[in-house]
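Below is one structure, written out as structure tokens; comments come after it.
The values are calculated or read from the model by the stated rules, or taken from the named source; none is laboratory data. Note that the coordinates shown come from a computational prediction; the quantities given were computed from them, not determined experimentally. For neighbour counting, all protein chains shown are included, and Cβ atoms are generated from backbone atoms with ideal geometry for every residue, glycine included. Note: areas computed on protein heavy atoms with side chains; ligands, DNA, RNA excluded. Shrake-Rupley method; radii C 1.70, N 1.55, O 1.52, S 1.80 Å.
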Amino acid sequence: MFEYEMHQMRAAELARRADHQRLVGEARKRRAAARRSARDEAEGPVSTPLRKIRFTRAA
């Protein structure tokens with residue numbers, strides 16, 4: 001019986017860790033998305049045709 005209880009406790013601990021890691025990952029994704037959207041709102045999307053400026057067509 002003792003081994004079964006230890007197994008149940010270990011399984012519950014692993015489930016708690018998995019939930020915590022999932023929440024941390026979601027929070028990181030949300031923070032990154034918020035930073036991206038804040039950066040885009042502050043400056044607006046910047047697009048410059050660098051290839052056209054730097055390189056000329058080969059003859």
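Note on region 14-40: residues that are among the aliphatic types (A, V, I, L, M) and open to solvent by 100 Å² or more (accessible area, probe 1.4 Å) total 1.
For region 43-50, the count of residues that are in a helix (DSSP H, G or I), loosely packed, with under 10 Cβ neighbours inside 10 Å and modelled with pLDDT under 95 is at least one.
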